Structures are given as C-alpha cells and as structure tokens.
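Quick notes on the structure that follows.
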Amino acid sequence: DGGITQSPKYLFRKEGQNVTLSCEQNLNHDAMYWYRQDPGQGLRLIYYSQIVNDFQKGDIAEGYSVSREKKESFPLTVTSAQKNPTAFYLCASRRGDTTTDTQYFGPGTRLTVL
Amino acid sequence: AQSVTQLDSQVPVFEEAPVELRCNYSSSVSVYLFWYVQYPNQGLQLLLKYLSGSTLVKGINGFEAEFNKSQTSFHLRKPSVHISDTAEYFCAVPLQTGANNLFFGTGTRLTVIP
C-alpha cells in the first residue's frame, strides 16, 4: 500500500535532549512538509522540501532541523533550542509543485517533553 | 497573503441532523480552497477541494461545500450527520497565488451526539 508513515507514534523527551521524528513516503512525491499542531491553533508549517537536498524554513522553524537526502525520507529533529516542543507533529507530501495538488498526511507523532 | 477564518471552534449536532461548518477566506484574486478532516489521533485527509468551475463541490462521506465569491465563503455542509463524522475539520487556502504551501484555519471540532 502506498502512503506516508511516521514513527514513533508517541515520543517522550527529557528537557535538553534532541529527538528525531521519522517520516517516510512511498508515493514517489517530490514535495514533503512538516507541520506542528497545537490545540486551537490549526497547523503551522515548520519546514518543507520541494526536491531532494533542498529545504526551506516555514513559519516556526526555530529550534528544528531537517534533512532531505532521499526522496522518500524527510526526518525532523527537535533540538534542545525548541522551548516548547510538546505538540502533535504531522508530516505530509505532495506529488509536485502545483498549487492544486493534494497534500497527503501521515498519522502523526505526539511528542511530550517530561 | 491569503488566509482563511473558521468562525466556530466547536459545533455539537445531533445524529441525523444537518450541519454547516463555516469558512471565510481573504483573497482578491482567483482562489483555490480545501477542506480536510482529522479523526482523533490521526493525520488529515482531504474531503474536497474547489479549483474552478461549478461552485458546488461534492466530496467524500456525503460532504459538500459551496464557493461563494460575493461572501468570500466556502462553507462545508452535510444534510444528515453520523456518529462517525465526529472529527476536526480544517479549511485551507494556498498562502498566495501559485504558492505551494497551504494556510490552514484553526479548525472546527464537530461532535455528533447520539
């Protein structure tokens, strides 16, 4: 089955630790996205990538980093510089660079800082 | 930049009753609009999208939305809801014409009461 997988589903982190969230897609999509979801705030864009080895900051990139070494993979690292990382993180992908293309979402990772 | 406003954060409705979830957009040019649904602890799934043509757009699960240019609205409707429609619904618009990134509204939580 084609789709987007995110792992782990739940993640707990101690303050001061970096953690990496995995996102893999087998849809052969060029573009990939990371969003953060907090209650009552909708989705906010962290980073996006239109093509391998290239990525751009979104609205709330501070304290996060990404890489795009392979078309299928777009991992997100939450660094210790992110002051309030507890949230639900969603990865998405899209076929190309056309505005009307649908974004497909993974099931999400819930990160909790202890 | 384009944006959307979802006026209702929560909408409770009895099973088999009709429902309307409101979305207003701000744009002075041609606009594409999307509705996504998020079931508890899951990613988002596209319900429907308006690109051009007929202003009444039909989506999955019996939902439909009407694009109203004079009122700058794109309200989502269903004539008879089911318990399984309990979810959060997001309206979205490209950040600007031709942009690859979406601006998501803050969401409306639909609760269907048996």
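Would you list the strands (runs of 3 or more DSSP E) that sit entirely within region A:1-104 and hold 3 or more residues that are surrounded by 21 or more Cβ atoms within 10 Å (Cβ to Cβ), within 14 Å of chain B (Cβ to nearest Cβ) and modelled with pLDDT of 95 or more?
Values: elements: A:4-7, A:10-13, A:19-25, A:31-37, A:43-51, A:54-57, A:64-66, A:76-78, A:87-94.
Here the list reads A:19-25, A:31-37, A:87-94.
Being crowded, with 21+ Cβ neighbours inside 10 Å and assigned to a loop (DSSP other than H, G, I, E, B) is the filter here, so list the residues in region B:63-86 that pass it.
B:Phe63, B:Val81
Run B:Tyr89 past the list (1) over 28 Å from A:Phe55 (Cβ atoms); (2) within 14 Å of chain A (Cβ to nearest Cβ); (3) among the hydroxyl-bearing types (Ser, Thr, Tyr); (4) in a loop (DSSP other than H, G, I, E, B) and report the number of the one that doesn't hold.
Against the list (1) over 28 Å from A:Phe55 (Cβ atoms); (2) within 14 Å of chain A (Cβ to nearest Cβ); (3) among the hydroxyl-bearing types (Ser, Thr, Tyr); (4) in a loop (DSSP other than H, G, I, E, B), B:Tyr89 comes up short only on (4).
Looking only at strands (runs of 3 or more DSSP E) that fall completely inside region B:1-59, which ones have 3 or more residues that are within 18 Å of B:Pro79 (Cβ to Cβ) and out of contact with any His (no Cβ under 9 Å at 6 or more places or on another chain)? Steps first, please.
Numbers: elements: B:3-5, B:10-14, B:19-21, B:24-26, B:33-38, B:44-50, B:56-58.
Those strands (runs of 3 or more DSSP E) span B:10-14, B:56-58.
If you check A:Ser65 against the conditions, is it more than 12 Å from the chain's Cα centre (by Cα) and either of a type in the set (Gly, Ala, Ser) or farther than 16 Å from B:Gln42 by Cα (or both)?
The answer is no for A:Ser65.
Just name the residue that is nearest to the other protein chains (Cβ to nearest Cβ) out of those in region B:63-86 that are more than 21 Å from B:Val13 (Cβ to Cβ) and over 14 Å from the mean Cα position of the chain (by Cα).
Step one: of region B:63-86, the residues more than 21 Å from B:Val13 (Cβ to Cβ) are B:67-72.
Add one more test, that the residue is over 14 Å from the mean Cα position of the chain (by Cα), and what stays is B:69-71.
Details: B:Lys69: 18, B:Ser70: 23, B:Gln71: 22 Å.
Only one residue tops the list, namely B:Lys69.
Suppose we filter B:Leu33, B:Leu47, B:Leu102, B:Leu51 for residues that are in contact with a Ser or Thr (Cβ under 6 Å, 6 or more places away or on another chain) and at negative phi; which single one remains? Spell out the reasoning first.
Details: B:Leu33 fails: in contact with a Ser or Thr (Cβ under 6 Å, 6 or more places away or on another chain); B:Leu47 fails: in contact with a Ser or Thr (Cβ under 6 Å, 6 or more places away or on another chain); B:Leu102 fails: in contact with a Ser or Thr (Cβ under 6 Å, 6 or more places away or on another chain).
From the options B:Leu33, B:Leu47, B:Leu102, B:Leu51, the qualifying one is B:Leu51.
Output the number of residues of region B:5-62 satisfying the condition of being surrounded by fewer than 16 Cβ atoms within 10 Å (Cβ to Cβ), of a type in the set (Ser, Thr, Tyr) and either in contact with a Phe, Trp or Tyr (Cβ under 6 Å, 6 or more places away or on another chain) or more than 12 Å from chain A (Cβ to nearest Cβ) (or both).
4
The values are calculated or read from the model by the stated rules, or taken from the named source; none is laboratory data. Bear in mind that the values here come from a model prediction, so they are computed numbers and not experimental data. Positions of Cβ are generated from backbone atoms using ideal geometry, with glycine treated the same way; all protein chains shown enter the neighbour counts.
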